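Student: Just passing along the structure, written as structure tokens.
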Amino acid sequence: MINADMDAADAKNRVELEEKTQLINQGLELQYTLEDLPARVDAVKKENLKLKSENQVLGQYIEILMSASSVFQITDTKSKIK
């Protein structure tokens, strides 16, 4: 009977140890994730600035194309009505 009690206590200790180990591993994983966040934020900021710059260049290019095309020129509607 004593052996059965000891086996049950050992099994309970192993389960508790596994649970503690799992919690520690989860905590470490969260810690590493938190450490990576500033680097990710910086990368996203750099990408955002790059895309803004590209959008400005494309916007200027479109404006130049529109100003060079007669399709987008402002017409004088008063002279056409007469």
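Student: Round to the nearest 10 and report in Å² the accessible area of residue 23, as given by a 1.4 Å probe over the protein chains' heavy atoms.
Tutor: Probe radius 1.4 Å; accessible area of residue 23 about 120 Å².
Student: Residues of the chain: accessible area per residue at 1.4 Å, in Å²?
Tutor: 98
Student: Using every Cα-Cα pair within the chain, state what percent have a distance larger than 18 Å.
Tutor: 75
Student: Where the accessible area of the chain is counted over protein heavy atoms with a 1.4 Å probe, how much of it, in %, is carbon and sulfur?
Tutor: Roughly 61 percent, rounded to a whole number.
Student: Taking Rh as the Kirkwood radius computed over C-alpha pairs, what is the Stokes-Einstein D of region 18-62 at 10 °C in a medium of viscosity 1.306 mPa s, expressed in µm² per second? Display every interim value, and only then the final one.
Tutor: On the way: Rh = 13.3 Å.
Taking Rh from Cα pairs, D becomes 120 µm²/s.
Student: Counting Lys and Arg as +1 and Asp and Glu as -1, what is the net charge of the other residues whose Cβ lies under 12 Å from the Cβ of residue 25?
Tutor: In short, -2.
Student: How much accessible area does residue 24 have with a 1.4 Å probe, in Å² rounded to the nearest 10?
Tutor: Ignoring ligands and nucleic acids, residue 24 comes out at about 110 Å².
Student: Would you tally the net charge around residue 57, using a Cβ to Cβ cut-off of less than 12 Å, leaving residue 57 out, and scoring K and R as +1, D and E as -1?
Tutor: Neighbour charge sum, excluding residue 57 itself: 0.
Student: Suppose every K and R has +1 on its Cβ and every D and E has -1 on its Cβ; what is the size of the dipole of the chain about the Cα centre, in Debye to the nearest 20?
Tutor: My answer is approximately 1280 debye.
The values are calculated or read from the model by the stated rules, or taken from the named source; none is laboratory data. Only a predicted model underlies this, so the values are computations on that prediction, with no experimental measurement involved. Here the Cβ is made from the backbone with ideal geometry for all residues, glycine too, and neighbour counts use every protein chain on show. These accessible areas exclude ligands, DNA and RNA; they are computed on the full protein's heavy atoms, side chains included. Shrake-Rupley method; radii C 1.70, N 1.55, O 1.52, S 1.80 Å.
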